[in-house]
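The values are calculated or read from the model by the stated rules, or taken from the named source; none is laboratory data. Values in this document were obtained by computation on a predicted structure and should not be read as measured data. Cβ coordinates were reconstructed from backbone atoms using ideal geometry, including for glycine residues, and neighbour counts include every protein chain displayed. Surface areas here come from the heavy atoms of the whole protein model, side chains and all, with no ligands, DNA or RNA. Shrake-Rupley method; radii C 1.70, N 1.55, O 1.52, S 1.80 Å.
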Amino acid sequence: MSSRGSHTGPAVSVKNLVTHYGKKQILNNVSLDIVPEEIMVIMGGSGSGKSTLMRYILGLNPPTSGTIEILGRDITTLSEIEMYDLRKDMGVSFQSGALLRSLTVGENVCMPLKEHTKLDENTMRIMARMKLEVVNLANFEDLMPSELSGGMIKRAALARAIVMDPKLLFFDEPSAGLDPVVAAELDDLILNMRADMGMTIVVVTHELESAFKIADRITILDQGEILMTGTVDEVKQSTNKRIQDLLNRRPRQEEIDPEAYLRRLLGEKDDDPDAFGY
Amino acid sequence: MAAKEKLSGNIIQRSAIFLENIGKRFAAGIEELGYVMVLFVECVYWVLTGFRRKQPVRVAAVFKEVREIGVNALLIVSVLCLAVGVMLSIQGIATLKQFGQELWVVDLVAQSVTREFAPLIVGILVAGRSGSAITARIGTMNESQELDALRVIGINPVRHLAAPVLVGMMISVPLLTIVGDFMGIMGSALFTGTEIDMPLDVYIQRTFEALKPDDIHQGLIKASVFAIIIALVGVSNGFQVGSGAEGVGRSTTRSVVLSISCIVVADMIFTYFLNIGTLT
C-alpha cells in the first residue's frame with residue numbers, strides 16, 4: 001500500500017489540461033487544485049466538459065497535454081502497476097451507478113476488496129454490509145441491481161466506491177434522474193461521509209441547489225474552460241455574465257456570426273467546437 | 001455539349017468519391033485488424049504474467065466460460081454433427097454406388113468429418129451462439145459504464161472479460177470438435193448400417209483403419225484457430241460498441257457475420273496449407 005503514505009499539498013492538481021475527442025478539442029487549458037478534505041463541486045451545463053474532466057482525472061483517457069496529479073503523483077506518467085496501487089485510494093460512483101448486472105449488490109460492493117485485499121470471504125461480506133449500512137441499504141445485499149430503484153442503485157454504487165475507505169471520492173451527477181427528496185438524501189449522505197471519514201470529495205453536477213448545499217468550493221466549466229473556482233458565496237456574487245446565466249437558468253444568448261451560420265447551412269465543415277455543443 | 005461535360009465531370013467526381021470510400025474502408029479494416037492483434041497480445045500477456053502481478057486471470061471465470069460455451073452447447077453440437085454424418089453417408093453411398101464402391105463411404109465420412117465438417121459446424125455454431133452473446137454482454141457493459149467502473153476499481157477489462165473468453169474458447173471449441181467427430185461418425189454408422197448392412201463394430205473397426213492421427217490433428221488445429229477468431233471478433237466488437245441499444249444490436253450482428261466469414265475463409269486457407277503435401 002505504498003500510495004497510502006502521508007501527502008501534503010492538494011489532493012488533486014490539474015495543470016494546463018488539454019484534451020481532444022477525435023480532432024475536436026474538449027478541454028482547453030484547464031487548471032484546478034482540490035484541497036484535501038474539501039467538497040469540490042464541478043458545475044456546468046450539458047456539454048461543458050465537466051464529465052470529461054472527471055474521466056481524465058480518473059485516468060480513464062490519456063490527455064493531449066498537461067499534468068494531472070492525484071495525491072501528489074502525476075497519473076499521466078505512472079506505470080500501470082503504480083496506477084493500480086493508486087486506485088485503492090480512489091472511489092468512484094458513476095452517473096448510472098454502473099453496478100455489474102451479473103452480480104448481487106453485496107458482490108458488487110465486495111469487488112474492490114476482492115481485487116485489492118486478501119481478506120477472507122466473511123470479513124469482506126461484513127465490511128460490505130457495514131458500507132451498505134452507511135448508505136441505508138442494509139438487507140439489500142442479496143438483491144440484483146435490476147431489482148433496485150434509481151436512488152438505491154446510486155447508493156449501492158456509493159457503498160462500492162467507499163468500501164476501500166478511499167481518500168478521494170468522485171461522484172458523477174448524484175442527483176440526476178432522482179426525485180427531489182431522494183436527491184436531498186444523497187446530498188446529506190455526502191456531507192455525512194465527509195464529516196465521518198474525512199474524504200476529499202469531488203462532485204460533478206448541474207443541479208444548482210445540490211451544489212450550493214454541499215460544496216465548499218465550486219468550479220464552473222463552460223465550453224471546455226474554467227470560468228471560475230470559488231466558494232459558494234463567491235460564485236453567487238460573481239459578475240461574470242455566463243455564470244449568472246447558469247445560476248439564473250437563463251438561456252444562453254449566443255451571438256450569431258452570420259458568416260459561420262451561412263457556412264453551416266451550406267454544409268461546410270468548420271472547426272468551431274461550439275457548433276457541436278461541447 | 002455543356003451538359004455532356006457536366007455529366008463527365010459528375011462521373012469523375014463520383015468515381016473519386018467511390019475510390020476514396022474504398023480507401024477509407026481499407027484503412028478502417030487495417031486499423032481494426034491492428035486493434036484485434038493488440039487485444040490478442042494483451043490477453044496472452046495477462047494469462048502468462050497475471051499471476052506474477054497479483055492480478056491473475058481467474059480460473060473460475062475461465063470455467064464459467066467453458067460451461068457457457070462448451071457444456072451448454074453439447075446437445076446441439078451432437079444433434080447437428082449426427083445429422084451431418086447421416087447426410088454425408090447418404091450422399092456418399094449414392095455417389096459411390098455408381099462405381100460399386102459404397103464400402104468406401106466409411107473412409108469418406110471419417111476423413112471429411114474429422115478434417116472438415118466437425119470443426120466447421122462447431123465453429124459456426126459457437127460463433128452464432130456464444131460469439132454474439134459475448135459481444136452483447138460486453139457491449140451492454142460498455143454502454144452502462146460498467147467497463148469504466150471495472151477500470152477505476154483497478155480491474156483491467158481485458159484481463160477480467162476478454163482473457164477468460166479466449167481461454168474458455170480455446171478449451172471448449174476443440175473439445176466440442178472431438179464430440180462432433182464422434183457424433184458425425186456415429187450418424188454415418190447408423191445410416192450405413194441400415195443401408196448397406198454393415199454392422200456397427202465393423203464400421204468402427206474400418207473407421208479406425210481409415211483414420212490417421214493427422215486427420216484429427218487437422219480438425220483440432222482448425223478448431224483452435226476458429227476459437228481464437230470467435231473470441232477476438234466477439235470481444236473486440238463488444239469493446240467498440242457505438243452508442244445506444246441500437247449500437248449493441250448492430251455490433252452483435254456484425255460480430256456473428258464477421259466471425260462466420262472469417263471462419264470460412266480461415267478454413268479454406270488452413271485446409272490448403274495443411275494439405276499442401278498431398279496436393280502436389
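Results, tabulated for the structure shown:
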| item | result |
| --- | --- |
| Length-normalised contact order for the stretch B:141-250 - Cα pairs under 8 Å, 6+ apart - percent | 40 |
| A:Asp222 long-range amide H proximity, modeled H, under 5 Å | A:Leu227 |
| Span from the the stretch A:148-208 Cα centroid across to the the stretch B:122-185 one, whole angstrom | 34 |
| Nearest-ten-degree value, helix A:105-116 long axis tilted from longest Cα axis of chain A | 90 |
| Chain A: most fluctuating residue of A:Ser175, A:Ser102, A:Ser51 per GNM, C-alpha cutoff 10 Å | A:Ser102 |
| Test item: Cα-centred dipole of chain A, Lys/Arg +1 and Asp/Glu -1 on Cβ, debye | 280 |
| Above-threshold pairs, the threshold being 27 Å between Cα atoms, out of A:Lys118/A:Lys167; A:Lys24/B:Lys24; A:Lys15/A:Lys236; A:Lys154/A:Lys236 | A:Lys154/A:Lys236 |
| Under 24 Å from B:Lys222, Cα to Cα: lysines that are on another chain or at least 8 residues apart | B:Lys64, B:Lys212 |
| Most mobile listed residue (B:Gly247, B:Gly168, B:Gly23) in chain B, GNM with C-alpha springs under 10 Å | B:Gly23 |
| Å² of accessible area per residue within the stretch B:8-163, as computed with a 1.4 Å probe and no ligands counted | 53 |
| GNM result for chain A, Cα springs below 10 Å: residue of A:Tyr261, A:Tyr84, A:Tyr21 fluctuating most strongly | A:Tyr261 |
| Residues of type aspartates and glutamates that A:Lys213 reaches as a straight line, Cα spacing below 13 Å, ignoring anything fewer than 8 places off in the same chain | A:Glu185, A:Asp187, A:Asp188, A:Asp233 |
| Shielded by partner chains, the stretch B:152-196 residues - at least 50 Å² of accessible area, 1.4 Å probe, vs chain alone | B:Val152, B:Ile153 |
| Angle in degrees between helix B:213-239 and the longest Cα principal axis of chain B, rounded to the nearest 10 | 20 |
| In Hz, Karplus ³J(HN,Hα) per residue of the stretch A:230-241 (6.51, -1.76, 1.60; θ = phi - 60°; x = Gly, Pro) | x, 6, 4, 5, 4, 5, 4, 8, 4, 9, 4, 5 |
| Note, ³J(HN,Hα) from phi for the stretch A:62-77, Karplus 6.51, -1.76, 1.60, rounded to Hz, x at Gly and Pro | x, x, 5, 7, x, 10, 10, 9, 10, 6, x, 10, 6, 6, 6, 10 |
| Euclidean distance between Cα centres, the stretch A:220-265 to the stretch B:204-280, Å | 55 |
| Apportionment of accessible area to carbon and sulfur, the stretch A:54-115, percent (1.4 Å) | 49 |
| Interchain or long-range residues, amide H under 5 Å from A:Val92's placed H | A:Phe170 |
| Linear extension gain, B:His217 paired with B:Tyr35, 0.36 nm per residue minus alpha-carbon span | 62.5 nm |
| In the stretch A:8-100, trypsin sites (Lys or Arg not before Pro) in a DSSP loop with at most 14 other beta-carbon atoms within 10 Å | A:Lys23 |
| Excluding exposed DSSP-loop GluC sites (Glu not before Pro) (at most 12 other C-beta within 10 Å), longest clean stretch of chain A | A:1-253 |
| Residue-by-residue Karplus 3J(HN,Hα) for the stretch B:46-56, coefficients 6.51, -1.76, 1.60, Hz, glycine and proline x | 5, 4, 7, 10, x, 4, 5, 9, 6, 10, x |
| Interface A:B - total buried accessible surface [probe 1.4 Å, Å², rounded to 100] | 1800 |
| Accessible area of chain A divided out per residue, in Å², using a probe of 1.4 angstrom | 49 |
| Computed magnitude of the charge dipole of the stretch A:79-172 (debye, nearest 20; Cβ of K, R +1, Cβ of D, E -1) | 200 |
| Förster-model FRET efficiency, 56 Å R0, A:Arg101 and A:Lys241, C-beta, rounded to 0.05 | 0.80 |
| Extension gain from B:Phe208 to B:Gln91, taking 0.36 nm per residue of separation minus the Cα-Cα distance | 40.0 nm |
| B:Val71-B:Ala133 FRET efficiency (beta carbon distance; Förster radius 25 Å; 0.05 resolution) | 0.95 |
| Per-residue mean of C-beta atoms belonging to partner chains within 10 Å, peptide A:51-60 | 1 |
| Alpha-carbon centroids, the stretch B:1-69 and the stretch A:88-126: separation in whole Å | 33 |
| Value at 222 nm in deg cm²/dmol, rounded to 500, when DSSP H runs of n ≥ 4 in chain B each add -39,500 (n - 2.57) | -27500 deg cm²/dmol |
| Charge-dipole axis of the stretch A:79-172 as Lys and Arg at +1 and Asp and Glu at -1 on Cβ define it, positive-most pick from A:Ser102, A:Leu148, A:Ile81 | A:Leu148 |
